[in-house]
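Asks: I have a structure here, written as structure tokens, and I will follow up with some questions on it.
Laboratory data are not the source of any read-out in this text; all were calculated from the coordinates shown. It should be emphasised that the depicted structure is a prediction, and the values quoted were computed from it without experimental measurement. Cβ atoms come from the backbone with ideal geometry, glycine included; neighbour counts cover every protein chain shown.
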Amino acid sequence: MGSESPAPSERKVLIFSCSGAANVGEVADEACRRLMFDGRGEMYCLNGLGGQLDEFIDKTRAADVVLLVDGCDKACGKQVMKRCGIEDFRYVCVTDLGIDKAKPKRAEEEQIVALQRKLETCL
């Protein structure tokens, strides 16, 4: 990531989210989408990194801020970053916020809002 600190409005912020099958994946995905639609950053494709596609890795490394949200302690996203050699990122795990992983269960609005507020503090 860049050595200078650009103004917040000029920073390139990439947001990566778990989109797993359990409720915590839905919580992560929806909270990250809300950040994107609020203009806080660009959601980017975690699967592109998982596939080790050079353009995805290069763009991620060039970002000023990388925010990764995993749904649970399996930490799939964190493992993807590690395999791509990307170590400089901000990290939140949904289950660390006290949200239990369950399947089949839908995300609850208050869970999404709580995560979104937490993520805003990371940016």
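Asks: For the range 35-79, name all the residues that are in contact (Cβ under 8 Å) with a residue 60 or more places away in the chain and farther than 18 Å from L123 by Cβ.
Replies: Listed by number, the list holds a single entry, R61.
Asks: For the range 60-97, which residues satisfy the criterion of being of a type in the set (F, W, Y) and under 19 Å from R34 (Cα atoms)?
Replies: Passing the criteria: only Y91.
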